1. Given the criteria at pLDDT 95 or above, touching a strand residue (DSSP E or B) at 6+ places or on another chain (Cβ under 6 Å), surrounded by 14 or more Cβ atoms within 10 Å (Cβ to Cβ) and within 16 Å of residue 1 (Cβ to Cβ), does residue 37 qualify?
2. Count, please, the residues in region 24-61 that happen to be under 18 Å from residue 11 (Cβ atoms) and outside any helix (DSSP H, G or I).
3. All but one of (1) touching a helix residue (DSSP H, G or I) at 6+ places or on another chain (Cβ under 6 Å); (2) at positive phi hold for residue 41, so report the exception by its number.
4. Here's a check for you: in region 4-23, which residue that is without any contact (Cβ under 8 Å) to a residue 40 or more places away in the chain and assigned to a loop (DSSP other than H, G, I, E, B) is surrounded by the most Cβ atoms within 10 Å (Cβ to Cβ)?
5. Take region 2-24 and flag every residue that is more than 12 Å from residue 58 (Cβ to Cβ), touching a strand residue (DSSP E or B) at 6+ places or on another chain (Cβ under 7 Å) and modelled with pLDDT of 95 or more.
């Protein structure tokens with residue numbers, strides 16, 4: 001599963017509960033993008049979540 005290179009955000013697991021309270025496994029995926037970023041004067045391709053992109057923690061190349 002993809003994980004954010006900045007904040008380590010990844011998928012979360014739990015139960016989907018129906019109206020009759022039957023439970024089945026569910027996975028909530030983070031909104032993670034593959035982005036070219038500026039790192040140490042060069043460019044590097046990283047997996048970054050959209051909240052880190054929006055907050056400016058990553059500079060796009």
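1. Details: at pLDDT 95 or above: yes; touching a strand residue (DSSP E or B) at 6+ places or on another chain (Cβ under 6 Å): yes; surrounded by 14 or more Cβ atoms within 10 Å (Cβ to Cβ): yes; within 16 Å of residue 1 (Cβ to Cβ): no.
It is false that residue 37 is at pLDDT 95 or above, touching a strand residue (DSSP E or B) at 6+ places or on another chain (Cβ under 6 Å), surrounded by 14 or more Cβ atoms within 10 Å (Cβ to Cβ) and within 16 Å of residue 1 (Cβ to Cβ).
2. 15
3. Of (1) touching a helix residue (DSSP H, G or I) at 6+ places or on another chain (Cβ under 6 Å); (2) at positive phi, only one is false for residue 41: (1).
4. Start the filter on region 4-23 by keeping residues that are without any contact (Cβ under 8 Å) to a residue 40 or more places away in the chain, which leaves 8, 10-23.
Remaining after also requiring assigned to a loop (DSSP other than H, G, I, E, B): 8, 10-11, 18-22.
Values: 8: 8, 10: 14, 11: 12, 18: 9, 19: 5, 20: 5, 21: 6, 22: 9.
Of everything passing the filter in region 4-23, 10 is surrounded by the most Cβ atoms within 10 Å (Cβ to Cβ).
5. Looking only at region 2-24, we keep the residues that are more than 12 Å from residue 58 (Cβ to Cβ), and these are 2-3, 8-24.
In the following step, the residues that additionally are touching a strand residue (DSSP E or B) at 6+ places or on another chain (Cβ under 7 Å) were identified as 2-3, 9, 11-17, 23-24.
Result: 3, 9, 11, 12, 13, 14, 15, 16, 17, 23, 24.
The values are calculated or read from the model by the stated rules, or taken from the named source; none is laboratory data. These figures come from a predicted structure and were not determined experimentally. Cβ atoms come from the backbone with ideal geometry, glycine included; neighbour counts cover every protein chain shown.
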